[in-house]
Each structure stands twice: as C-alpha cells, then as structure tokens.
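Inspection log for the structure reproduced underneath, given as structure tokens.
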Amino acid sequence: GKSLCSSLKRLTNLHALSITSIGKEEILDLQHLSSPPLLIQRLYLRGRLETLPHWLPSLHGLVRLYLKWSRLKDDPLEFLQHLPNLVHLELLQVFEGDVLSFRMGGFKKLKVLGLDKFSELRCMKVEVGAMPCVEKLIIQRCKLLKRVPEGIEYLTKLKVLEFFDMPEEFIQTLRPGEKG
C-alpha cells in the first residue's frame, strides 16, 4: 500500500488510474495517499476496500468511477454523492448492506449508474432531487431486491432502464396490469 501510494503522489498530472488487486479477496490499501492526483478523471478500483479511500471525495475532476469487489460495510453513496463532475458510476459487489439511499442534491451531474451484484440489497430509495440528470440506470444480479427502486418516478430525465438477472418477485412488479 505505502509504496504504491508514494508513487501515485508524484504523478500529479494523472488523468486515468486503474488499480486491480491480485485476487478478489486481496485488500487494496489506498489510505496512505496523502495527496491524490487531483486532475484524475477516470478511476477504476478492482479489489476489496475496508473503507473507501478518504481522498476520494476530493477528486473534483472525476468524471467516471468504476468500483469492483469493494465489499464495503458502509453505504458508499454518502461519500460519492458530492463529487461535482461525476457522470458515470459503475459499482459491482461494492456494498454489503441492505438499503441504498440516493439523497436529495446528490450526484448532480450523474448520467449513467450501474449497480451489479449487491447481494444483500433489499431496498433502494431515491429522494426527490437526487440524480437529477440520470439518463441510464442498470441494475443487475441483485438477488434480494424484490421491487423497483422507491422514488424512481423522480428521475425525470431517465431514458434507459435495464434490469438483468433479477429475482422473480422483482420481475412480477414490472408486469403491466399487475397491482402495485
């Protein structure tokens, strides 16, 4: 962790960064980075994270963020929702909690959101004024999510909504003519 972090500190002009752990279980230790490359626009982190790197919210130029296998205990959205220029967010096996909340005023510029393999997720809530620009929402392989995100009707710019490999109860709620 430390040597990687000290190298990254010197790469002040970095625009894209991809870090992948050796195996899914190996922890990416990125907490030692005192001054992250602030010009970064695209960040790909694949591997376990105990917590999200403390410097992540300071990446104001970040446009695309891709997290895979992070397996966080705490809701990552709290940390990520204020990234001012984030347009594209893809999360695979990132959170082990059962509720995901998109709060009012969060993700101001986000256009594409992908959630994949949130294995414990039972409920997803979208508040009025959250993700006002979102155009594409993809939810897949969330085995315990039994219904469409609460408040999805507030996403007025939504053009594409895709669900893949979701539980039967979830699919039932989408069928026209079914109650609810």
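In sequence order, the stretch 119-126 has phi-based couplings of 5, 9, 5, 10, 8, 10, 10, 10 Hz under the Karplus curve 6.51 cos²θ - 1.76 cosθ + 1.60, θ = phi - 60°, and Gly or Pro positions carry x.
For the chain, the Stokes-Einstein estimate of translational diffusion at 37 °C and a viscosity of 0.692 mPa s comes to 193 µm²/s, using the Kirkwood hydrodynamic radius over alpha-carbon pairs.
Could you calculate the contour length gain from Leu174 to Lys146, that is, 0.36 nm times the residue separation minus the distance between their Cα atoms, to one decimal place in nm? Extending this stretch completely gives an extra 9.0 nm.
Under 5 Å between amide hydrogens, built in the peptide plane, is the criterion, and for Glu120 it picks out nothing among residues at least 5 positions away or on other chains. The C-alpha radius of gyration of the stretch 94-137, expressed as a fraction of 2.2 N^0.38 Å, stands at 1.17. Computed log10 I(q)/I(0) for the stretch 70-123 at 0.22, 0.23 Å⁻¹: -0.84, -0.91, from the Debye equation with unit scatterers placed on every C-alpha and solvent omitted. Taking Glu127, Glu50, Glu25 in turn, the Gaussian network model of the chain (Cα-Cα springs below 10 Å) assigns the largest fluctuation to Glu25. If R0 is 25 Å, the Cβ-Cβ spacing of Asp165 and Tyr44 corresponds to a FRET efficiency of close to 0.65. For the stretch 7-79, the C-alpha radius of gyration divided by 2.2 N^0.38 Å, with N the number of residues, is 1.04. Amide H contacts under 5 Å for Thr20: Arg46, restricted to partners 5 or more places along the chain or on a different chain, H placed in the peptide plane at 1.01 Å from N.
The stretch 11-63: which trypsin sites (Lys or Arg not before Pro) are DSSP loop and have at most 13 other beta-carbon atoms within 10 angstrom? Filter output for the stretch 11-63: Lys24.
Using the structure shown, select from Lys24/Lys136; Lys125/Lys159; Lys68/Lys117 the pairs with a Cα to Cα distance greater than 21 angstrom. In this structure, Lys24/Lys136 exceed 21 Å between Cα atoms. In a Gaussian network model over the chain where Cα atoms closer than 10 Å are linked, find which of Asp29, Asp74, Asp165 has the largest mean-square fluctuation. Sorting by GNM fluctuation, first place goes to Asp165.
Coordinate-derived values only; no laboratory data. In this text the structure is predicted, and so the values were computed from the model without any measurement. Neighbour counts are summed over all protein chains in view; Cβ atoms, including those assigned to glycine, are modelled from backbone coordinates with ideal geometry.
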